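Down below is the structure, laid out as structure tokens.
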Amino acid sequence: MVKLTLRDKETAQEAVRRFRKLVERSGIKKEMRVREFYEKPSATKRRAKIRVERRNRRERVQPR
């Protein structure tokens with residue numbers, strides 16, 4: 001849960017900007033996008049597998 005307390009002499013716009021950053025850093029936005037629609041467990045696994053394959057392919061092409 002994100003909590004925000006107004007600082008002294010802080011405008012509403014600054015507080016909203018700070019709140020947005022807090023929400024983004026906490027991962028709430030990302031989680032909302034994931035939970036917006038149901039995804040079958042097999043589809044989740046498939047996407048994870050594809051992500052790993054892409055990462056491995058990139059590392060083979062550009063070694064660090």
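The values are calculated or read from the model by the stated rules, or taken from the named source; none is laboratory data. What you are looking at is a predicted structure, and each value in this text was computed from that prediction instead of being measured. Counting neighbours? That spans all protein chains shown, and the Cβs are built from the backbone with ideal geometry, glycine included. Each accessible area value is taken on the protein alone, full model and side chains, heavy atoms only, with ligands, DNA and RNA left out. Shrake-Rupley method; radii C 1.70, N 1.55, O 1.52, S 1.80 Å.
Things to note:
- Residue match in the range 29-50 (condition: among the basic types (Lys, Arg), open to solvent by less than 80 Å² (accessible area, probe 1.4 Å) and assigned to a helix (DSSP H, G or I)): no
- All conditions in (1) surrounded by 11 or more Cβ atoms within 10 Å (Cβ to Cβ); (2) modelled with pLDDT under 95 hold for Val61, with the sole exception of (1).
- Neighbours by Cβ (under 8 Å, 6+ apart or cross-chain): first from the range 1-13, closer than 17 Å to Arg25 by Cβ; second open to solvent by less than 100 Å² (accessible area, probe 1.4 Å) and small (Gly, Ala, Ser): Val2/Ser26; Leu4/Ala15
- Positions within the range 20-64 being over 30 Å from Leu6 (Cα atoms) and acidic (Asp, Glu), in sequence order: Glu36, Glu39, Glu53, Glu59
- Number of residues in the range 1-28 that are open to solvent by less than 100 Å² (accessible area, probe 1.4 Å) and in a helix (DSSP H, G or I) equals 10.
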